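A quick write-up on the structure given underneath.
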């Protein structure tokens, strides 16, 4: 949502200017580097301060020693600088619960450089490991490699606010060990708020018929790939893997709110049509399939996928596909926007291929064909494939927010289960219906208050004096307070008694004296903005018990 993006950008600039404090993933949400996270302030906050033992390092030798001697729960903080890795040198995180992060919280200030000598820079072979706020560049193979071992799973990996530049092969590789007959796996990880790129200089280092890509996972379940910018994965000859690719019997992947720009292939679920020795699932998640399935389930939603690079279009493969389902069972493709500057050299915006592929393909906006291939089945509804450049803010650079109200797009989408927000994290719908594509056009209502509470109360003279406090709802120009003798929800808001109307949206407390002769009084508030309308009713605070927090929505 563009209005909120501007507000977020101004807030971020104010917070960062001159504070001298550590900057997190949201320090520059308006920069093209962070445009992947349409609402970076909402979705990509700075990580909390470390808990437990903190080990500071300022050179490569200290870093290697800290990793090799880490205790469970350690945070290893890297000081400003470039950490060089040569042939045979890498970090192997084999202790559970370890966090590797920059001391400042600014990923640009700490660079781990493989110089195309180190085959890998970071290996993760333990659960609950976090890699955050770092830059990794020029690994000969994979800058980050997440693996299980023959004796244990590797679970809950978090890769957050990381910048990866010019990997020799896939930037983030995820797979079990061994590849065949594995009994332990790499599940439930997250890659978020990161920038992964292959530049023109790095492209010249790619080998083996363009064997490269952004994120590549095998036999992995429950990964979330969100709020990232991934760009540049293509070659003049050969066909790169996808910006995001989950396959080889992977399952239940969520790919959302990413900007994927100038990649030969955007998001891929599945690829192979036959395999052996790979992971199987006891609950048989695709009983209708005959034979091998390469990806089970999963959702691809609210992504911007764009291509404009003339060299990409002139390459051997061109822009092959925005979203590609190959031998992928029960996938859901919902509310994505896919735009190409050269439809002639674009094969498909979305394609689903091979007989075991089944998918819901709903409410996607594109300007290239949607293709059903080789016996695949798909349920289609609400898709448009005739988008115009004039509909978008800056399609050349992948800013696919809607520029104007387009009658065939805005409010035209039937509800899609599992899509309650948009690319910016704004709630859907805004208006009478949801919009087709990843952006919900318009100004959202103010956020719901969830911490309304009574902090002081005194009774006497047939009345009670109440002090209410709350956090100001973002986006509200005014706040309205009501009270009643029964819980207040949406249906009862209109009949509740006015406590005060039209308080400034920035106010965070109010004191009032009201009649009271016994029983329980319930208090609630709503925020309002002239552009976005009314928020949902807040939680209820009540008297005679005060200083009470009720997080439940009472409707």
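Here are some notes:
- Residue in the range 464-480 that is surrounded by fewer than 21 Cβ atoms within 10 Å (Cβ to Cβ), closer than 29 Å to residue 358 by Cβ, at pLDDT 90 or above and out of contact with any helix residue (DSSP H, G or I) (no Cβ under 9 Å at 6 or more places or on another chain) present: no
- Among (1) within 25 Å of residue 229 (Cβ to Cβ); (2) at pLDDT below 95 - the single one residue 417 does not satisfy: (1)
- Among (1) touching a strand residue (DSSP E or B) at 6+ places or on another chain (Cβ under 6 Å); (2) touching a residue at least 40 places away in the same chain (Cβ under 8 Å) - the single one residue 190 does not satisfy: (2)
- Scope the range 227-263; condition farther than 17 Å from residue 167 by Cα and surrounded by fewer than 21 Cβ atoms within 10 Å (Cβ to Cβ); matching residues: 237, 252, 254
- Odd one out for residue 416 among (1) free of Cβ contacts under 8 Å to residues at least 40 places away in the same chain; (2) in a loop (DSSP other than H, G, I, E, B); (3) farther than 28 Å from residue 309 by Cβ: (1)
- Of residues in the range 390-399 being part of a strand (DSSP E or B) and touching a residue at least 24 places away in the same chain (Cβ under 8 Å), the one nearest to the chain's Cα centre (by Cα): 399
- Restricted to strands (runs of 3 or more DSSP E) entirely inside the range 201-267, those with at least 3 residues that are closer than 30 Å to residue 280 by Cα, in contact with a strand residue (DSSP E or B) (Cβ under 7 Å, 6 or more places away or on another chain) and touching a residue at least 12 places away in the same chain (Cβ under 8 Å) are 213-218, 224-226, 244-247, 254-256.
- Note on the range 48-145: enclosed strands (runs of 3 or more DSSP E) holding 2 or more residues that are under 22 Å from the mean Cα position of the chain (by Cα) and under 22 Å from residue 201 (Cβ atoms) are 135-137.
- Candidates 102, 127: the one that is in contact with a strand residue (DSSP E or B) (Cβ under 6 Å, 6 or more places away or on another chain), in contact (Cβ under 8 Å) with a residue 12 or more places away in the chain and buried (at least 22 other Cβ atoms within 10 Å of the Cβ) is 102.
- Among the residues of the range 68-82, some residue qualifies, meaning at least one is under 30 Å from residue 235 (Cα atoms) and at pLDDT 95 or above.
So that you can scan it fast, the table gives a plain yes or no per residue for (1) in contact with a helix residue (DSSP H, G or I) (Cβ under 6 Å, 6 or more places away or on another chain); (2) in a strand (DSSP E or B); (3) under 25 Å from residue 430 (Cα atoms); (4) modelled with pLDDT of 95 or more:
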{"position": "486", "(1), (2), (3), (4)": "no, no, no, yes"}
{"position": "489", "(1), (2), (3), (4)": "no, no, yes, yes"}
{"position": "499", "(1), (2), (3), (4)": "no, yes, no, yes"}
{"position": "517", "(1), (2), (3), (4)": "no, no, no, no"}
{"position": "522", "(1), (2), (3), (4)": "no, yes, no, yes"}
{"position": "536", "(1), (2), (3), (4)": "no, no, yes, no"}
{"position": "539", "(1), (2), (3), (4)": "no, no, yes, yes"}
{"position": "545", "(1), (2), (3), (4)": "no, no, no, no"}
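- Contact annotation: residue pairs with Cβ atoms under 9 Å, 6 or more positions apart or on different chains, pairing a residue in the range 471-485 that is at positive phi with a partner that is surrounded by fewer than 17 Cβ atoms within 10 Å (Cβ to Cβ) and part of a loop (DSSP other than H, G, I, E, B), are 475/531.
- Residue satisfying all of: in the range 372-389; assigned to a loop (DSSP other than H, G, I, E, B) and in contact with a strand residue (DSSP E or B) (Cβ under 9 Å, 6 or more places away or on another chain); surrounded by the most Cβ atoms within 10 Å (Cβ to Cβ) among these: 387
- Of the residues making up the range 11-24, one or more are surrounded by 15 or more Cβ atoms within 10 Å (Cβ to Cβ) and either at pLDDT 50 or above or within 18 Å of the chain's Cα centre (by Cα) (or both).
- Inclusion of residue 165 among residues that are within 20 Å of the chain's Cα centre (by Cα), surrounded by fewer than 24 Cβ atoms within 10 Å (Cβ to Cβ) and at pLDDT 95 or above is warranted.
- Residue 457 being in contact (Cβ under 8 Å) with a residue 12 or more places away in the chain, in contact with a helix residue (DSSP H, G or I) (Cβ under 9 Å, 6 or more places away or on another chain) and within 14 Å of residue 542 (Cβ to Cβ): no
- The residues on offer are 141, 115, and the sole one that is on the phi > 0 side of the Ramachandran plot and without any contact (Cβ under 8 Å) to a residue 40 or more places away in the chain is 115.
One line per residue, one yes/no per condition, for (1) modelled with pLDDT of 95 or more; (2) more than 21 Å from the chain's Cα centre (by Cα):
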position	(1), (2)
401	yes, no
404	no, yes
423	yes, no
431	no, yes
435	yes, no
441	no, no
445	no, yes
448	no, yes
452	yes, yes
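The values are calculated or read from the model by the stated rules, or taken from the named source; none is laboratory data. Owing to the predicted nature of the structure, the values given are computational and were not obtained by experimental measurement. Cβ coordinates were reconstructed from backbone atoms using ideal geometry, including for glycine residues, and neighbour counts include every protein chain displayed.
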